Amino acid sequence: MEVDPVIGGGEEQIDESLYSRQLYVLGHEAMKRMAASDVLIIGQSGLGVEIAKNVCLAGVKSVTLSDPTLTTVPDLGTQFFLRESDIGQRRDVATRPRLAELNAYTPVSVLEELTEDAIRRFTVVVLVNGSTDEQLKLNEFTHANGIKFIATETAGLFGSAFCDFGDQFPVVDQTGETPLSGMVVEIEEAEDAMVTCLDETRHGLEDGDFVRFSEVEGLDINSEGVDKARKVTVKGPYTFTIGDTRGLGQYKRGGWFHQVKLPKLIDFKPLKESILAPEFLISDFAKWDRPATLHIGFQALSAFRAAHSRFPAPRDDKDAATFIALAKDVASKAKFEGDLDEKILTELSYQAAGDLSPVNAFMGGFVGQEVLKACSGKFGPLYQHLYFDALEALPDVKPTAADCAPSSPPSRHDGQIAVFGRAFQAKIENQRQFLVGAGAIGCEMLKNWAMMGLGTGEKGHIYVTDLDTIEKSNLNRQFLFRPKDVGSFKSEAGRRAVTEMNEKLEGKVEVFKLAVGGETEGVFGDEFFDNIDGVTNALDNVAARQYMDTRCVYYAKPLLESGTLGTKANVQVVLPHVTESYSSSQDPPEKSHPSCTIKNFPNQIEHTIAWGKERFEELFEKPAEVVNSYLSQPNFIEAAKTSGETGQLLKIRSYLVDNKPLGFDECIAWARQQFETEYNNEIRQLLHSLPKDLLTKEGTPFWSGPKRAPDPLQFDYNVKEHLDFIIAAANLHAFNYGLKGETDPAVFRKVLDTVVVPDFTPKSGVQVQIKDDEPVNNEAPAASSDDDDLATVAAALPQPSSLAGYRMVPAEFEKDDDTNFHMDFICAASNLRAMNYGIVTADRHRTKQVAGKIIPAIATTTCLATGLVCLELYKIIDGKKDIEQYKNGFVNLALPFFGFSEPIAMAKNKYYDIEWTIWDRFLIEGDITLKELVAHMKEKHRLEITMLSSGVSMLYSGFMPKKKVEERLAMPLSQLVETVSKKPLPAHAKNITFEMMVDDESGEDVEVPYLQVRFR
């Protein structure tokens, strides 16, 4: 197979357009190590293909499969890369071609025969659903030969994993968190020196962290690498000690601390030792005592299979008794001292033949990440055993043995039927679910649903909406899509892919290319929500999540919410009349930078990147939009005169008259002048207004602490960053005017040699804004600016009629197109600004993340998160109302860490003795008048309406003029809303929502639910 050598070991480059989101999780070095790693996966069951899929997407050097087992019908219930036409073929051979489509940089092959010589070449070996003896034998060989080893199994709602990465395994980064840094204001010269940080933000360090220092004056403590890193002892949120600094000099001022991550070496025990003295990662602290039982239980399952050549039969008590006896025998031989939980062992026996897509997704995501850790040394590995179960997902009414018995002829869902029974399978198949979003989470969700058979029944249906089309960067984790799908709608491509996985979904998946929001309520309205059982969000922004949350509360539909951030995932269950809603609790707002810091006093690369993004918008996006408004709106100048908007007219004059280029050479000259203005003149003006030796009122240097004194840059086209700026700015300026661009540096140098830059003299009396809340006024007196008064500027503009049909082309920021010069400009602009202020510059990759607000993402986390969501979906389908049976989850695969908790119960409010929650409302059938509503609330609920509103319209209040009140009291409520809002009610709307302020009988203001009136 021919493979493009863009990614691989050594110095080969990584395809950033494909791996961009994953690179922000793993980093270039980890990806390079992965690209030199060969992975063998033994076993291609549903769990095996989940692991293989995640590892292929991540981009290792090669993936090899080994599984001579012949494909059967029940395999199709979890192994999404097998088809009916593959029945009777080897699972590895049938899986390989579909797996190979996932990533052109990761070739996939089949190992015909599993021999020690064949295994010797692999970096990592994964054994899926192998027996205990197979695990022990294979691990003995891998440990002795320096090969990393992972064993993993699933059985119904149970899962297990074991890792052995050998002796002295180096972990280069335990957590994956961005190293901390902060400004220093004092360092003692002492035996255990105290460091005091600027009190703007907490340092965030922990005991045992290591730091190095830079830009410290007076004290000889600055260093570049890890050699002089010092161990931290935290003393307070702004202080820490770093050991002996005596003899290093006296601290004068300035400086930064930088957290340093030191590699950690871990010694793994081989399975033959670890199996007797296991160390567990707790997957659920509410079940902290369960891993020991399951450690014995999985060994007993292996013993049962060895003795009977099969697993215990579903819900078979005789087999369960045999199995428990075996477990006790295993425990006795292992000198197990704890108590075995026989209830758990019985369930493990009952479910041993089970195979569930959600559990495979959870374990496949987890183990996939462990494979990447083994290849790269990035993140903390599992040490060494994990056991997981989701027994809460079992139906409240347990199925019988007959209900769980294998089908005749075999069914693709026999693995799920073995756990839940046929009656429950029918419930799954007749579900009607709305999936909002078909991106990374959406793809994994659709795959899980296809495997579960969700929506395939007579009454079943799946609705999917996503307005996005597929881009190349999506292919790294949105695994239903292939290169041929780029440009297609995600919802349609997703439907095609999952219908291929389960042909029973043919005609059962309805797709929309719409965003959810007020403007699409005509489609996703009363009738639509009446026709679905629940909503599953697969969204990437908080606003859309909150909107869907309000719709689910309004229509009383269960909502399954999930999200990922790099290796972190969270899952939330929103259940009508049981839990709080998604919007009931909110994350803290995103940290923002003060505008005066961005404009005049940057001290971090993030500040200069934000400035570069602002300059992009101010130079190449907004002016073109303003010009187009002027050319298309007949009353533009009158409106500008009315509002005193001289700035907009000056901008139009600049872009349509003064600086309108006739050819590309003029674009280059314009870019050269921009360089001079931004990086020389503006800096000289700032230093003229605030000289470097300026002292504050307190007598301390103004340019100290977070304020770094800048230096102007002298243009030199032989400096790469200088020329990069000119090339990007000139091409973007040309784009605005529809002119052909150029990238040949020789062309630029030739023109730049002829450009004459006007002399600049800093002005006196120019004030500089130092704090956001202390604005300055640098307006020149009107008499001195004749050229800039409104009438003069307006008169200088060409008449729109003289430019009929002419429009400028705004540059709308697009971070993922490497040919449009957007990121080239922002990166160059930011780095030049950083050079002005002595800030360490950033590469394009880092700049793109900050400017594009890119959320790091990796397939393993997404896969795991959707597995957890679907386990909660089982519970919703069962109709469980006990909040303790549900699990909100937070996972960090980097650590690794699992945190599960029951959802937060809905808050309860009260008026009189009546309790109510966000899920309650007053319901009125019919389009009654306002007068009738007031009387109804008073007579039936003993509440006096003092104010009534709908949306932003105030409909009624006690302080309105009497005549207006009388007019409105007589109106039907629908007419009242239309009259006040001056808008007709949408044709699709059947209900109107009202908010009421009311008094009780004692005249006290009381909080009550909203009012819903069904007027049609």
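Remarks
- Check on Phe298, closer than 20 Å to Asp355 by Cβ, assigned to a helix (DSSP H, G or I), aromatic (Phe, Trp, Tyr) and not assigned by TED's automatic domain parsing to the domain that holds Gln384: yes
- Hits in segment 331-364 (condition: on the phi > 0 side of the Ramachandran plot and either among the acidic types (Asp, Glu) or assigned to a helix (DSSP H, G or I) (or both)): none
- So Tyr383, is it under 27 Å from Val171 (Cβ atoms), out of contact with any helix residue (DSSP H, G or I) (no Cβ under 9 Å at 6 or more places or on another chain) and of a type outside the set (A, V, I, L, M): yes
- Candidates Asp693, Asp711 - the one that is of a type in the set (Asp, Glu), in a loop (DSSP other than H, G, I, E, B) and touching a Gly at 6+ places or on another chain (Cβ under 8 Å): Asp711
- Residue check for Glu621: at pLDDT 85 or above and either acidic (Asp, Glu) or under 30 Å from Lys881 (Cβ atoms) (or both): yes
- Some residue of segment 704-722 being touching a Ser or Thr at 6+ places or on another chain (Cβ under 8 Å) and under 21 Å from Arg615 (Cβ atoms): yes
- Answer residue from segment 496-513, given it is loosely packed, with under 15 Cβ neighbours inside 10 Å and of a type in the set (Asp, Glu) and is farthest from Phe434 (Cα to Cα) among those: Glu503
- Residue match in segment 878-887 (condition: assigned by TED's automatic domain parsing to the domain that holds Ala450, surrounded by 19 or more Cβ atoms within 10 Å (Cβ to Cβ) and in contact with a strand residue (DSSP E or B) (Cβ under 6 Å, 6 or more places away or on another chain)): yes
- Index of the failed condition, Gly146 passing every other in (1) surrounded by fewer than 21 Cβ atoms within 10 Å (Cβ to Cβ); (2) in contact (Cβ under 8 Å) with a residue 40 or more places away in the chain; (3) not assigned by TED's automatic domain parsing to the domain that holds Arg246: (2)
- Among the residues of this structure, Phe994 does not count as one that is aromatic (Phe, Trp, Tyr) and at pLDDT below 95.
- Long-range neighbours under 7 Å by Cβ, at least six apart or interchain, first residue part of a helix (DSSP H, G or I) within segment 48-77, second modelled with pLDDT under 95: Leu57/Asn476; Leu57/Arg477
- Exclusive hit being crowded, with 20+ Cβ neighbours inside 10 Å, out of contact with any Cys (no Cβ under 9 Å at 6 or more places or on another chain) and in contact (Cβ under 8 Å) with a residue 12 or more places away in the chain, set Val419, Val464: Val464
- Any hit, segment 843-855, residues being of a type in the set (Val, Ile, Thr), buried (at least 22 other Cβ atoms within 10 Å of the Cβ), at pLDDT 95 or above and under 19 Å from Ser473 (Cα atoms): yes
- Subset of segment 381-406 (residues that are aliphatic (A, V, I, L, M) and either in a loop (DSSP other than H, G, I, E, B) or in contact with a Ser or Thr (Cβ under 8 Å, 6 or more places away or on another chain) (or both)): Leu382, Leu386, Ala390, Leu394, Val397, Ala405
- Residue list for segment 582-604, filter: surrounded by 19 or more Cβ atoms within 10 Å (Cβ to Cβ) and either closer than 17 Å to Phe890 by Cα or among the aromatic types (Phe, Trp, Tyr) (or both): Tyr582, Phe601
- Residue in segment 573-582 that is part of a helix (DSSP H, G or I) and in contact (Cβ under 8 Å) with a residue 24 or more places away in the chain present: yes
- Any hit, segment 878-891, residues being closer than 12 Å to Thr564 by Cα and not small (Gly, Ala, Ser): yes
The values are calculated or read from the model by the stated rules, or taken from the named source; none is laboratory data. All values reported here derive from a predicted model rather than from experimental measurement. No Cβ is skipped: glycine too gets one built from the backbone with ideal geometry, and neighbour counts run over all protein chains shown.
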